[in-house]
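Taken together, the values in this text are just the output of simple stated rules run on the coordinates, not laboratory data. Treat the numbers as computed from the prediction; the structure is a model and nothing was measured. Cβ: placed from backbone, ideal geometry, glycine included. Neighbour counts: every protein chain shown.
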Amino acid sequence: MKTLKIAIQKSGRLNEKSVELLKNCGLSFENYKSSLISSVSNFPLEILFLRDDDIPEYVQDGIADIGIVGENVIQETQVEVAYLQRLGFGKCKLKLAVPVDSSIKTVKDLEGKAIATSYPNILKNFLTKESINADIKMISGSVEIAPGLGLSDAIFDIVSTGGTLKNNGLKPFHDVISSEAILIGRKGEEDEELIQELIQRIQSVLRAKDNKYIVLNVERKNLEKVTALLPGVKSPSVIALADENWVAVHTVIPEKDFWDRINELKSAGAQGILVMPIEKIIM
């Protein structure tokens, strides 16, 4: 049987979440912190630990079958890969930022200015689209210090919380792209059986993360009102209790609707609401 190869970040902001996702998929592997490659003992898979900038090219060239990498890296490296699954973590934005006292207020004010960045290709594409001529200064790391050193008038960089910008006297003024971790694959090989099996596992974990399992008690006279609020994955399960006037309702609700839905259920007559995390949801 073929052994699948997946490339993930060796260190950095996506490493921990990528490892957590794979382990939540039931994959068993060890020694990932001290090795560049780790074999999974219960699935035909090898994990390659690489620099994030190398992952898209490794997948494109077939050295790895699939990979987990930030969308910003894919766009910057300009490789041809297939997007297999958005993973919902590693979210950030690539933004333009300037010193707080800068005269630059709009994108058009960047005409003729110098912009420091670690993402020259994404920035170049954006400036071309906006018909702006600017001097792109390529800097590897610590981009936020460039204006203070007189190297640039603005910067273009990843922003998660904005704390680093604020600490360096900068303010963001325009969002260029949003990014998150993506499961990518080599184009034309997306339907391979092992890849689809792993995608199914990943999707089951992601669905579970986005939902809560709840059990509640309700009087039969209020059952219709309560079940109307609970579409669930298919439909709520209703189970008779010892008291014939009461039933237990089991269902799944989206995490994002959790608190609003709980309050609505209580108002409709639900009692003894039990909320539990879900490990996996397989459709």
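For residue 89, what residues show an amide H to amide H distance below 5 Å, using hydrogens built from the backbone and excluding near sequence neighbours?
Correct list: 181.
Given springs between every Cα pair under 10 Å in a Gaussian network model of the chain, which of 108, 221, 17 has the largest fluctuation?
Most flexible of the set in this elastic network: 221.
List, largest first, the extents of the alpha carbons of the chain along their principal axes, each in whole Å.
77, 53, 33
Averaging over all projection directions, find the projected area of the Cα convex hull of region 1-149 and quote it in nm² with one decimal place.
On the way: hull surface 43.5 nm².
Approximately 10.9 nm², given one-decimal rounding.
R0 = 35 Å: FRET efficiency of residue 30 with residue 164, Cβ-based, nearest 0.05? Intermediate values should be presented prior to the final figure.
Numbers: r = 34 Å, r/R0 = 0.98.
In this case the efficiency is close to 0.55.
Through the Karplus equation 6.51 cos²θ - 1.76 cosθ + 1.60, θ set to phi - 60°, convert the phi angles of region 148-162 into ³J(HN,Hα) values in whole Hz; use x for Gly and Pro.
With the stated coefficients, region 148-162 comes to x, 8, x, 7, 7, 8, 8, 10, 10, 7, 5, 10, 9, 9, x Hz.
Between 190, 46, 111, which gets the highest mean-square fluctuation from a Gaussian network model of the chain, Cα cutoff 10 Å?
Result for the chain, Cα springs under 10 Å: 111 fluctuates most.
Net charge within 11 Å of residue 160 by Cβ-Cβ distance, Lys/Arg positive one each and Asp/Glu negative one each, not counting residue 160 itself? If you can, show how the numbers build up before the last one.
Working: positive: 13, 91, 93, 95; negative: 157.
Summing Lys and Arg as +1 and Asp and Glu as -1 gives +3.
Compute the distance in nm between two label points, each set 7 Å from the Cα along the Cα-to-Cβ direction, one at residue 271 and one at residue 107.
Going from the residue 271 label point to the residue 107 one covers 5.8 nm.
Which residues does the label zone of residue 207 cover in region 254-283, counting backbone N under 11 Å from a point 7 Å along Cα→Cβ?
280-283
Among 145-155, 248-258, what's the highest-first ranking by average C-beta atoms within 10 angstrom per residue?
On the way: 145-155: 18.3, 248-258: 15.9.
Peptide ranking by packing, descending: 145-155, 248-258.
What angle do you read, to the nearest 10 degrees and between 0 and 90, between the alpha-carbon axis of helix 258-268 and the longest principal axis of the chain?
30
Semi-axes, largest first, in whole Å: what does sqrt of 5 times each Cα gyration tensor eigenvalue give for region 128-283?
Values: eigenvalues 503, 110, 31 Å².
Here the semi-axes work out to 50, 23, 13 Å.
Give the span of region 211-276's Cα atoms along each principal axis, as three whole-Å numbers ordered largest to smallest.
Principal-axis extents of the Cα atoms in region 211-276, largest first: 33, 21, 18 Å.
Could you order the peptides 268-274, 204-210, 79-85, 91-97 from most to least packed, using the average number of other C-beta atoms within 10 Å per residue?
Values: 268-274: 14.6, 204-210: 17.9, 79-85: 16.3, 91-97: 19.9.
Answer by packing, highest mean first, reads 91-97, 204-210, 79-85, 268-274.
Rounded to the nearest 0.05, what FRET efficiency do residue 196 and residue 239 have when you use their Cβ-Cβ distance and R0 = 30 Å? Can you show the working numbers first?
Numbers: r = 35 Å, r/R0 = 1.17.
E between residue 196 and residue 239, to the nearest 0.05, is 0.30.
Let's test the formula: R0 of 30 Å, r as the Cβ-Cβ distance of residue 149 and residue 178. What FRET efficiency results, to the nearest 0.05?
Numbers: r = 29 Å, r/R0 = 0.96.
Once the sixth-power term is evaluated, E becomes 0.55.
If a/c stays under 1.5 just call it rounded; otherwise compare a/b with b/c (prolate if a/b is bigger, oblate if not). Do that for region 126-200, with a ≥ b ≥ c from the square roots of the Cα gyration tensor eigenvalues. Could you put the intermediate results ahead of the total?
Numbers: a/c = 3.15, a/b = 2.17, b/c = 1.45.
Note, shape of region 126-200 comes out prolate.
Using only helices, what value at 222 nm comes out for the chain when you add -39,500 (n - 2.57) per DSSP H run of length 4 or more and divide by the total residues, to the nearest 500 deg cm²/dmol?
Values: 8 runs with 71 residues, N = 283.
Here the helix-only value at 222 nm equals -7000 deg cm²/dmol.
Can you work out the Karplus-derived ³J(HN,Hα) for every residue in region 201-215? Use 6.51 cos²θ - 1.76 cosθ + 1.60 with θ = phi - 60°, whole Hz, and x for glycine or proline.
Residue by residue, region 201-215 yields 5, 4, 5, 5, 5, 5, 4, 5, 5, 8, 9, 10, 9, 10, 10 Hz.
Quick check: pseudo-label points 7 Å beyond the Cα along Cα→Cβ at residue 13 and residue 93, how many nm apart are they?
If labels sit at residue 13 and residue 93, their model points lie 1.3 nm apart.
Going by how many other Cβ atoms sit within 10 Å of their own, how do 106, 164 line up, fewest first?
Going from sparsest to densest Cβ surroundings: 106, 164.
Once the cut-off is 17 Å, how many percent of the Cα-Cα pairs in region 143-186 end up in the long-distance tail? Mind dumping the intermediate values first?
Numbers: 386 of 946 pairs.
Pairs farther apart than 17 Å: 41 percent.
Binning at 10 Å from 0, report for region 9-59 what percent of all alpha-carbon pair distances ends up in each bin.
For region 9-59, the binned pair fractions read 25, 58, 17 percent.
Using 0.36 nm times the number of residues separating residue 100 and residue 283, minus their current alpha carbon distance, what extension gain do you get? Intermediate values should be presented prior to the final figure.
Details: separation 183, 0.36 × 183 = 65.88 nm, distance 5.00 nm.
Gain on stretching residue 100 to residue 283: 60.9 nm.
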